[in-house]
Amino acid sequence: MREITGYVGKPLLRREDRRLLHGEGQFVGDIVLPKMVHCAFVRSQVPHARIKGVDFAAARRAPGFVTALSGRDIRNVVTPIAGMQVSIPKGWRDRFHYHIDVPAQQILADDKVNYVGEAYAVVVAEDRYKAEDAAELVEPDFEVLEPVVDVDRALKPGSPVLHAEVGSNVISVMSTKKGDGAAALARAKHRIKRRYYHHRYAAMPMECRAVVADYDIRTDSLTVWSSTQVVHWIRKEIGSILGMPEERVRVIAPDVGGGFGGKGHVYPEDVLVPYLARTLRRPIKYVEDRFEHLVNSAHARDNFHDLEIGFDDDGKIVCIVDDFVIDSGAYSPVGATCAANSIAHLLGPYDIQNYEAKGTLVATNKTSNAPYRGAGRPEAAFAMERAIDIAANSIGLDPILMRLRNMVPPERLPFSVGLPYRDGVPITYDSGDYPQALRRAVEELGGLENFRRRQAEGLAAGRYLGIGVGCYVEGTGVGPFEGASVRLDPSGKIMVAVGANNHGQGHETVFAQVAADVWNVPIDQVVVTTADTAAVPMGYGTIASRSTVTAGSAVVHASAKVKDKVLAIAANMLETPTADLEFRDGAVGVKGVPDLKVTLKEIWWASRPGWDHKRPPDMEAGLEANHYYEPPTVTWSYATNAAIVELDPDTGRVTVEKFVAVHDAGILVNPLLADGQVRGGLVQGIGAALYEEIAYDENGQILMGTLADYLLPTADDTPPITVIHQEIPSPSNPLGVKGLGEGGAIAPPCAITNAVSDALRPFKAEFNATPVRWEQVRKVFAEAGVSTPRGRG
């Protein structure tokens with residue numbers, strides 16, 4: 001166990017919880033401003049149609065009506081959002097074959113609507129109810145077009161093309177290789193190919209998206225409150241699209257009720273609501289309802305992997321060849337990110353010398369696809385981990401043993417994978433112990449031999465038990481940068497602001513722990529501000545398991561700049577060399593002389609401008625600094641998930657008896673919050689494996705319009721969960737931390753599906769698609785003539 005000497009490593013309760021538990025939190029929906037109006041969006045009820053016209057006549061007669069706009073009204077004024085990763089990443093040009101032609105989405109559709117839920121008009125009224133009522137009166141004139149509802153149809157010659165400017169429904173293709181996949185497959189003693197499907201589902205935060213904007217005529221400035229993960233990106237798009245200096249746009253994310261990636265990019269509403277506020281000279285509010293969230297906020301996953309694995313008699317994997325397709329929906333607001341992540345992460349913690357991968361993004365008439373917790377990694381892990389189980393079973397080798405035979409051992413770390421990451425830097429697994437994580441997970445379930453004995457005894461009694469594991473690696477702390485501002489306040493408090501956006505992680509607590517240790521002050525002397533563009537000039541946001549790595553490191557470096565000045569001023573005041581000084585208890589004192597010190601408050605007063613300052617000669621006034629931490633590349637987290645399930649032959653019910661995750665996120669700044677992050681992700685992953693699904697019918701109509709149809713796991717569905725943290729420090733940043741925000745959600749789908757397939761091995765049943773449906777399990781038993789023995793059930 002690591003010795004804890006400061007605040008870093010302590011399981012402190014979240015600072016944020018007091019205001020939230022007392023009902024004192026402020027979400028976007030709570031914001032009320034004088035003379036505020038409200039808007040409602042008019043959304044398409046058909047998946048594919050040409051817009052011939054929009055009739056607002058009836059809406060204009062509605063009580064409380066203020067204004068209404070169609071896409072054609074603003075097409076030359078409010079331009080599309082640029083999107084993220086819509087061009088090939090640096091460093092890929094020599095290693096990847098690629099084509100990226102991601103279409104831009106209009107702020108309001110002006111020529112065509114491309115999915116059920118796409119907005120083509122907006123109505124503003126005196127309150128939300130009147131806005132909704134008026135929106136119901138808007139009459140579109142549509143020429144309904146044939147919808148393209150799946151990737152197979154989209155790729156067929158002669159299929160309708162969603163975006164004429166692209167010329168086809170293929171909006172991105174990227175491929176890479178190392179070694180010689182074709183030759184290695186030809187030489188392999190065994191080769192197995194399957195299609196693996198990771199289905200469509202989405203982030204379901206408690207708080208849906210919301211935007212409030214207020215325009216100040218005197219300064220020609222906008223203040224925008226958004227339930228988002230990326231305040232600086234929103235500021236950039238508002239400034240660019242509306243032609244305003246970014247200095248005149250302030251974006252704040254107040255308390256945010258969850259994001260999970262679904263709020264990790266800029267949506268049309270984030271730009272249009274500020275435009276309306278500036279146009280109308282009135283504050284304006286938009287709050288998304290749950291139906292809108294289901295049909296319009298980004299969906300995720302929906303991948304088909306045609307993966308072939310080559311291996312020898314001992315279970316050594318010699319080659320992986322993967323050709324996968326992503327149903328991107330109508331647009332791809334974060335470009336090819338998920339495809340790039342899948343390619344970079346598919347090999348997992350294994351040493352495999354020959355690898356070929358190709359990813360294709362295909363446009364269909366569905367809601368747009370974008371990153372959701374894991375972002376391409378759960379899809380890749382599912383295909384890879386299912387392939388290993390199938391391969392192992394084909395040669396009579398336990399799948400857990402096959403994994404151990406292929407894992408990179410700890411003595412070979414750092415390990416060069418032979419592929420570039422999406423930041424262009426060669427992938428190097430930097431630290432960890434993959435075999436230990438797998439062994440600890442299985443041991444926590446009681447051990448493999450004990451389980452196999454129990455499984456055999458259960459089978460004899462008519463009980464169907466299965467064990468499954470899922471292993472993965474995760475590049476975390478990705479750049480390009482994150483910003484932090486640190487300054488000493490006249491009160492002597494340390495004021496910290498970061499570009500990272502808090503939406504439940506506990507940033508105010510974690511960054512206070514980091515700063516308190518750096519400054520050696522009581523944690524109550526640190527004040528943390530997050531998600532406010534006025535507090536940090538430049539920031540990137542909270543996505544991709546990166547905040548503690550990047551923003552935490554920025555806090556360390558910004559603090560160092562300010563501390564150098566503080567020490568110099570203290571040395572001048574105490575007439576003592578800086579080498580003889582130390583920070584202690586909110587002051588700077590002489591080492592070994594407890595009473596000889598000056599407080600941080602006194603140092604601030606000594607630093608101020610004026611004739612009576614006590615700064616050294618030639619030192620500028622002020623004690624503040626910004627730092628933009630630019631990580632050289634990612635640091636690699638990893639985990640093993642393991643599960644035991646029991647199946648009911650009569651109902652097909654899948655009961656997860658126990659779930660274990662052994663995770664390594666390096667040094668844990670706050671183990672309590674880290675544990676909660678992983679557990680929350682695990683429950684989301686269990687939901688993905690067994691419950692959550694977004695489906696469309698053959699006409700492109702979404703079948704899940706409420707949470708009565710979209711099944712979220714409840715406390716009753718959550719099994720006993722054990723989380724074990726390995727805490728092997730990262731060598732790549734000053735805190736030794738690795739990211740963990742996304743990790744929990746990555747492996748439960750493959751671990752549970754592997755466990756279900758393991759339980760059904762007597763019937764040679766394979767489950768290669770998620771979610772695992774009870775009716776599919778029951779069908780296997782029914783076809784085998786199996787039911788629950790009398791006296792059980």
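For the reader, a short list of remarks on this structure follows.
- Looking only at residues of the range 600-618 that are touching a residue at least 60 places away in the same chain (Cβ under 8 Å) and among the aliphatic types (A, V, I, L, M), we find that the one that is nearest to Ala570 (Cα to Cα) is Ile603.
- Hey, Gly652 at pLDDT 95 or above and out of contact with any strand residue (DSSP E or B) (no Cβ under 6 Å at 6 or more places or on another chain) or not: yes
For (1) out of contact with any Asp or Glu (no Cβ under 6 Å at 6 or more places or on another chain); (2) within 30 Å of Ala534 (Cα to Cα), each residue gets a yes or a no:
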| site | (1), (2) |
| --- | --- |
| Arg403 | yes, no |
| Pro410 | no, no |
| Gly424 | yes, no |
| Asn450 | yes, no |
| Pro480 | yes, yes |
| Gly504 | yes, yes |
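- In the range 612-662, the residues that are surrounded by 21 or more Cβ atoms within 10 Å (Cβ to Cβ), over 30 Å from Val486 (Cα atoms) and β-branched (Val, Ile, Thr): Thr640, Ile644, Val645, Val654, Val656, Val660, Val662
One line per residue, one yes/no per condition, for (1) at pLDDT below 95; (2) assigned to a loop (DSSP other than H, G, I, E, B):
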site: Val122; (1), (2): no, no
site: Tyr129; (1), (2): no, no
site: Pro140; (1), (2): no, no
site: Val148; (1), (2): no, yes
site: Leu162; (1), (2): no, yes
site: Ala182; (1), (2): yes, no
site: Ile192; (1), (2): no, no
site: Met204; (1), (2): no, yes
site: Glu207; (1), (2): no, yes
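- Taking the criterion of being closer than 18 Å to Leu272 by Cα and open to solvent by 40 Å² or more (accessible area, probe 1.4 Å), the residues of the range 106-145 that qualify are Gln106, Asp111, Glu126, Asp127, Arg128, Glu132.
- Verdict on Arg290 being within 20 Å of Lys366 (Cα to Cα), basic (Lys, Arg), touching a residue at least 24 places away in the same chain (Cβ under 8 Å) and buried (at least 24 other Cβ atoms within 10 Å of the Cβ): no
- Index of the failed condition, Leu596 passing every other in (1) in the same structural domain as Tyr472 (by TED's automatic domain parsing); (2) surrounded by fewer than 22 Cβ atoms within 10 Å (Cβ to Cβ): (1)
- For Arg373, the test of being in a loop (DSSP other than H, G, I, E, B) and either within 30 Å of Asp150 (Cα to Cα) or modelled with pLDDT of 95 or more (or both) is passed.
- Just one of the listed residues (Leu672, Leu668) is open to solvent by 50 Å² or more (accessible area, probe 1.4 Å), within 30 Å of Pro410 (Cβ to Cβ) and among the hydrophobic types (A, V, I, L, M, F, W, C), namely Leu672.
- Residue check, Arg200 touching a strand residue (DSSP E or B) at 6+ places or on another chain (Cβ under 6 Å), open to solvent by 20 Å² or more (accessible area, probe 1.4 Å) and not assigned by TED's automatic domain parsing to the domain that holds Val271: no
- Residue within the range 412-420 that is crowded, with 20+ Cβ neighbours inside 10 Å and of a type in the set (D, E, K, R) present: no
- Lone unmet requirement of (1) among the basic types (Lys, Arg); (2) buried (at least 24 other Cβ atoms within 10 Å of the Cβ); (3) over 20 Å from the mean Cα position of the chain (by Cα); (4) more than 30 Å from Val124 (Cβ to Cβ) for Arg301: (3)
- Any chance Ser221 is surrounded by fewer than 23 Cβ atoms within 10 Å (Cβ to Cβ), in contact with a His (Cβ under 7 Å, 6 or more places away or on another chain) and among the small types (Gly, Ala, Ser): no
- Matching entry among Val521, Val528, Val498 (being among the β-branched types (Val, Ile, Thr), surrounded by 19 or more Cβ atoms within 10 Å (Cβ to Cβ), in the same structural domain as Ser607 (by TED's automatic domain parsing) and touching a Leu at 6+ places or on another chain (Cβ under 9 Å)): Val521
- Some residue of the range 732-749 being open to solvent by 50 Å² or more (accessible area, probe 1.4 Å) and not small (Gly, Ala, Ser): yes
- The one condition in (1) surrounded by 17 or more Cβ atoms within 10 Å (Cβ to Cβ); (2) modelled with pLDDT of 95 or more that Glu449 fails to fulfil: (1)
- Some residue of the range 447-470 being closer than 13 Å to Tyr638 by Cβ, within 22 Å of the chain's Cα centre (by Cα) and touching a residue at least 40 places away in the same chain (Cβ under 8 Å): yes
- Residues of the range 1-60 that turn out to be in a loop (DSSP other than H, G, I, E, B), open to solvent by 70 Å² or more (accessible area, probe 1.4 Å) and not charged (D, E, K, R), as a count: 9
- Counting the residues of the range 638-685 that are out of contact with any helix residue (DSSP H, G or I) (no Cβ under 7 Å at 6 or more places or on another chain) and not in a helix (DSSP H, G or I) gives 8.
- In the range 319-342, the residues that are outside any strand (DSSP E or B) and of a type outside the set (A, V, I, L, M, F, W, C): Tyr331, Ser332, Pro333, Gly335, Thr337, Asn341, Ser342
- Counted residues, the range 517-537 - those being over 21 Å from Gly739 (Cα atoms), of a type outside the set (Val, Ile, Thr) and touching a residue at least 60 places away in the same chain (Cβ under 8 Å): 7
- Selection from the range 675-700 of residues that are open to solvent by less than 10 Å² (accessible area, probe 1.4 Å) and not hydrophobic (A, V, I, L, M, F, W, C): Gly681, Gly685, Gly687, Glu692, Gly700
Quick grid of which residues meet (1) closer than 18 Å to Arg278 by Cβ; (2) hydrophobic (A, V, I, L, M, F, W, C); (3) modelled with pLDDT of 95 or more:
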| site | (1), (2), (3) |
| --- | --- |
| Val28 | no, yes, yes |
| Val37 | yes, yes, yes |
| Gln45 | no, no, yes |
| Ile51 | no, yes, yes |
| Ala59 | no, yes, yes |
| Pro63 | no, no, yes |
| Ala68 | yes, yes, yes |
| Arg72 | no, no, yes |
| Asn76 | yes, no, no |
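- Residues that are open to solvent by 20 Å² or more (accessible area, probe 1.4 Å) and either more than 23 Å from Glu118 (Cβ to Cβ) or not hydrophobic (A, V, I, L, M, F, W, C) (or both) within the range 243-260 comprise Gly243, Pro245, Glu246, Glu247, Arg248, Arg250, Ile252, Pro254, Asp255, listed in sequence order.
- Condition check for Asp302: over 29 Å from Thr706 (Cα atoms) and assigned to a strand (DSSP E or B): no
- The listed residue being open to solvent by 30 Å² or more (accessible area, probe 1.4 Å), touching a Gly at 6+ places or on another chain (Cβ under 7 Å) and of a type in the set (Asp, Glu), out of Glu766, Glu727, Glu783: Glu727
The values are calculated or read from the model by the stated rules, or taken from the named source; none is laboratory data. Everything numeric in this text was worked out from a predicted model, so none of it was measured. Positions of Cβ are backbone-derived with ideal geometry, glycine not excepted, and every protein chain shown enters the neighbour counts. Side chains are part of the model used for accessible areas, which takes the heavy atoms of the whole protein and leaves out ligands, DNA and RNA. Shrake-Rupley method; radii C 1.70, N 1.55, O 1.52, S 1.80 Å.
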